[in-house]
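Okay, structure first, notes after.
The values are calculated or read from the model by the stated rules, or taken from the named source; none is laboratory data. Treat the numbers as computed from the prediction; the structure is a model and nothing was measured. No Cβ is skipped: glycine too gets one built from the backbone with ideal geometry, and neighbour counts run over all protein chains shown.
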Amino acid sequence: MIIQPFLVVTLPDNEKAVELYKNGITTFHEKKFDEALKMFNDAVAEEPDFGVAYHNAGICAQRTENFGLALEKHLKALDCGYDAADVYQGCGFCFYKLGEYIKAIENYNIAIQKDAKLQNVFFERAEAHLAAGNFEAAFEDYSEAIRTNPDAAEQYFKRALIFMNRGEYEKAIEDLNEAKIFKSNDVQVYSNRAVCYHQLGMLKEAEADYNTAIFLNPHLAESYFGLGAVLYDADNYEQAIKSINTGLALNQEAIQGFVLRGICYLTVGAVDDAINDFDKAAELAPEDGEIYFLLAEAYAAKGDSEIQQAEIYRQKAADLGFTE
């Protein structure tokens, strides 16, 4: 949340409470949030119905990431009759951080009804919708956030993820390109764009983006697995296995890595190595029917002597709900 503290409001007649309140504002701007919180608390002790002081206490608590306390202060501001739009925005943000996404959305709705020009409010509501699984509502809010603030990378990036979830990879790439303008060294921008290129069959572009992601952060196993999958589709099996090996060295319990490497081994005829990798994947994910299907394929590749074992694994895959 981009916090907008201390709007101009009518202050009470209690001079001591007002002095504490003003000192709290000064201290907040000095980034002494705990001290400012105490001053706002002292102000409401002097003037129990000082709603804006409760709200500003909530803002201080947000800055220290004490979202439970912040929510308590914002709600107290509302109880005192201070129902400005930014109070509801503060409640929405705290509910979101506390994992109560429906309540967050309800409060953002009120905030937007009161003032649709609140800074960052559509992006924040989009985040709550996304967390609640309301993808279309999140998409609409990210789009509105982009319309009102076209120079913020994160909203392009998040909307790109929704485009990807829809399978609209060209549009996702457009948004990721916009995000890259502002986040040129962000690994997630490159790795997600690589996924899009891969899905579109643009293997050279996907390989380039994965290589950039690896250059920016050589410690993420997922980038090596993604690169390995692209190299596999480019029929470059040796380099695919090499990339996956690097990823597995970084994460020795990555199911994706063992499955991918097993498929590479199976393709090049290293059937026993493939079986070893699929066995390891099955140990890590014993309820994944696809892995047992791959084991069936690997045993079938060994010839007639292993047909019975292949059928056992094929039945296991079917029992777990996997079909070709």
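Look through 102, 146 and report the one residue that is modelled with pLDDT of 95 or more, assigned to a helix (DSSP H, G or I) and either more than 16 Å from the chain's Cα centre (by Cα) or not hydrophobic (A, V, I, L, M, F, W, C) (or both). Full working, then the answer.
Details: 146 fails: modelled with pLDDT of 95 or more.
Every option except 102 fails the conditions.
Looking at 232, 169, which is the one that is touching a residue at least 24 places away in the same chain (Cβ under 8 Å), farther than 19 Å from residue 267 by Cβ, touching a helix residue (DSSP H, G or I) at 6+ places or on another chain (Cβ under 7 Å) and among the aromatic types (Phe, Trp, Tyr)? If you could, list the steps in order and put the result at the bottom.
Numbers: 232 fails: farther than 19 Å from residue 267 by Cβ.
None of the others qualify; the one that does is 169.
Residues satisfying the criterion are absent from the range 197-211 (criterion: aromatic (Phe, Trp, Tyr), within 18 Å of the chain's Cα centre (by Cα), assigned to a helix (DSSP H, G or I) and buried (at least 16 other Cβ atoms within 10 Å of the Cβ)).
Filtering the range 50-85 to residues that are crowded, with 24+ Cβ neighbours inside 10 Å and in contact with a Leu (Cβ under 6 Å, 6 or more places away or on another chain) leaves 57, 60, 61.
The combined condition, being under 16 Å from residue 52 (Cα atoms), part of a helix (DSSP H, G or I), at pLDDT 95 or above and not acidic (Asp, Glu), is not fulfilled by residue 108.
Could you say which residue among 133, 226 is free of Cβ contacts under 8 Å to residues at least 40 places away in the same chain, of a type in the set (Gly, Ala, Ser) and part of a helix (DSSP H, G or I)?
Values: 133 fails: part of a helix (DSSP H, G or I).
One residue alone meets the criteria, 226.
Taken across the range 195-210, residues that are touching a helix residue (DSSP H, G or I) at 6+ places or on another chain (Cβ under 9 Å) and under 25 Å from residue 127 (Cα atoms) do occur, with at least one present. Counting residues in the range 111-119 that are modelled with pLDDT of 95 or more, surrounded by 23 or more Cβ atoms within 10 Å (Cβ to Cβ) and within 25 Å of residue 153 (Cα to Cα) gives one or more.
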